[in-house]
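Input: a single structure, listed below in structure tokens.
The values are calculated or read from the model by the stated rules, or taken from the named source; none is laboratory data. Predicted model only: the values in this text are computed from it and were never measured. Note that we place each Cβ from the backbone using ideal geometry, even for glycine, and neighbour counts take in every protein chain shown. Surface areas here come from the heavy atoms of the whole protein model, side chains and all, with no ligands, DNA or RNA. Shrake-Rupley method; radii C 1.70, N 1.55, O 1.52, S 1.80 Å.
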Amino acid sequence: MGLIVQKFGGTSVKDRNRIFNVARIVANTRNQGNDVVVVVSAQGDTTDDLIAKAAEITGDPSHREMDMLLATGEQISIALLAMALQEIGVPSISLTGWQAGFSTDRAYTKARIKRLNTERVESELARNRVVVVAGFQGLNRSEDITTLGRGGSDTSAVALAAALHADRCQIFTDVEGVFTADPRKIPKATKLKEITFDEMLELASLGAQVLNNRSVELAKKYGVELEVLSSINPVPGTVVKEETQVEGMLIKGVAKDEDVAVISILEVPDVPGMSFKVFSLLAQKNINVDIILQSSGRDNCKDVIFTCPKGEAETAMSVLGANKSRFGGGEITINRDVAKVSVVGAGMQSHPGTASTMFEALYSQNINIHMISTSEIKISVIIDKADADKAVAAIHDAFIQ
Ligand code: ADP
Ligand code: ASP
Ligand code: MG
């Protein structure tokens, strides 16, 4: 007897059959004597379809209206799942994000959860109902609908698990767990039994879509162990937790992120304060700068190169262009045809040579590296987008038998 939060992603609720499949999983969990809170995403490609609908109207939609639109996807799923549960005899009620108590900040399309008032959810549980909550959405202080960014339903589920002190938080998806690489792209990828929050946070932030990175951040902060598993094949999945058994694995996974642009500011004067001038401008515009590279000075000049998400690159280019004279007036270029490929694993801290193995794998495929960035548990390279899939396969082969 306990309280279990179960989250089901878009593929898991994509049609009538999948919805009844989810209803049966929930019913089984409840029949074992548990209270169940379910979080669902929009069905199938609904969110992408809604984004495409907005694009038919305007190239620059208001972020507030975008959230009004996108939040409708999850509302369809909660109602249909609650109906399916009732149909098979399970008392249930659907709640939107705001009915479930999600208050967020004002950042439309990428809002953060500020508070979670679980009173309504708890009172529905006390009435012996399964509570089906719309993921990905909340309400800000102006009582406007907000969404939490792509993949945000994972975060809704973890937040509920933390606030309700749930005994388990299960993230059901369309693969059997967290793999050493995207199993749809790398058939040789193997399923991990367990992975630490820190490793998963890196993998998620570096492009492994299976969990949203904020959800992992939240899980680590509140100590919510996650179980990632398939809604189709009832086999053990992957547990994400603070510490794992030593598995002797040097790296846990290879990830690819194509949402990267490289911006280069050429011939910046080689004097103090230039980096500050560049990056304070970017900070004022909320640009998420990732990797920074600065060439060593020559002829009293240097180049400053950085990466940011593609969606922020236009803003970065225009703010830098408008202030060009403040850092030398040199050329500013952008390259969107790049990808970031990364290896992640706590094991690399105690194993010298990880970088060399990775670079050898890239060399074996004749792939040129544009930028490199490392932390204690990851190594990332920026390469041409056209080489990315080949790179992931070669690196995966080099590390994982
Ligand atoms: P959901 O709709 O259930 O939230 P997502 O599409 O967001 O599912 O995430 C699951 C997908 O993540 C998988 O179908 C898989 O293609 C992709 N993926 C990328 N990297 C990994 C990885 N390392 N392990 C498992 N899945 C991964
Ligand atoms: N429906 C939203 C998306 O597609 C949220 C989610 O699925 O987690 O990003
Ligand atoms: Mg997802």
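Evaluate segment 193-200: report whether one residue or more is modelled with pLDDT of 95 or more, part of a loop (DSSP other than H, G, I, E, B) and either open to solvent by 60 Å² or more (accessible area, probe 1.4 Å) or more than 20 Å from Ala111 (Cα to Cα) (or both).
The initial filter retains those residues of segment 193-200 that are modelled with pLDDT of 95 or more, namely 193-200.
Cutting the leftovers down to part of a loop (DSSP other than H, G, I, E, B) gives us 193.
In the following step, the residues that additionally are either open to solvent by 60 Å² or more (accessible area, probe 1.4 Å) or more than 20 Å from Ala111 (Cα to Cα) (or both) were identified as 193.
Looking through segment 193-200, at least one residue is modelled with pLDDT of 95 or more, part of a loop (DSSP other than H, G, I, E, B) and either open to solvent by 60 Å² or more (accessible area, probe 1.4 Å) or more than 20 Å from Ala111 (Cα to Cα) (or both).
Answer yes or no as to whether Glu87 is more than 16 Å from ligand 2 (Cβ to nearest atom), free of Cβ contacts under 8 Å to residues at least 24 places away in the same chain and surrounded by fewer than 23 Cβ atoms within 10 Å (Cβ to Cβ). Judged against the criteria, Glu87 is not a match.
Residues that are within 16 Å of ligand 3 (Cβ to nearest atom), within 23 Å of Gly177 (Cβ to Cβ) and open to solvent by 70 Å² or more (accessible area, probe 1.4 Å) occur in segment 12-35; there is at least one.
Residues in segment 51-70 that are assigned to a helix (DSSP H, G or I), more than 16 Å from ligand 3 (Cβ to nearest atom) and not charged (D, E, K, R): Ala52, Ala54, Ala55, Ile57, His63, Met66, Met68, Leu69.
Of everything in segment 228-258 that's of a type outside the set (Val, Ile, Thr) and under 16 Å from the mean Cα position of the chain (by Cα), which residue is farthest from ligand 2 (Cβ to nearest atom)? Step through it out loud before you land on a result.
The first filter runs over segment 228-258 and keeps only residues of a type outside the set (Val, Ile, Thr), leaving 229-231, 233-234, 236-237, 241-243, 245, 247-250, 252-253, 255-258.
If we keep only those that are under 16 Å from the mean Cα position of the chain (by Cα) too, we end up with 253, 255-258.
Working: Gly253: 20, Ala255: 18, Lys256: 18, Asp257: 16, Glu258: 16 Å.
Checking each candidate, the answer is Gly253.
Cβ-Cβ distances below 7 Å connect the following pairs, each with a first residue in segment 198-219 that is away from ligand 2 (no atom under 16 Å from the Cβ), a second residue that is of a type in the set (Asp, Glu), and a separation of six or more residues or different chains: Leu201/Glu217; Leu206/Asp257.
Filter segment 251-275 down to the residues that are more than 13 Å from ligand 1 (Cβ to nearest atom), part of a loop (DSSP other than H, G, I, E, B) and open to solvent by less than 50 Å² (accessible area, probe 1.4 Å) and list them by number.
Narrowing segment 251-275 to residues more than 13 Å from ligand 1 (Cβ to nearest atom): 259-275.
Subset that is part of a loop (DSSP other than H, G, I, E, B): 259-260, 270-273.
The answer is Val260, Gly273.
Among the conditions (1) more than 11 Å from ligand 1 (Cβ to nearest atom); (2) closer than 25 Å to Lys340 by Cβ; (3) out of contact with any Lys or Arg (no Cβ under 7 Å at 6 or more places or on another chain); (4) open to solvent by less than 50 Å² (accessible area, probe 1.4 Å), Ala162 misses just one, which is (2). If you go through segment 364-401 and keep only what is open to solvent by 30 Å² or more (accessible area, probe 1.4 Å), part of a helix (DSSP H, G or I) and within 19 Å of Ile251 (Cα to Cα), you end up with Asp389, Lys390, Ala393, Asp397, Ala398.
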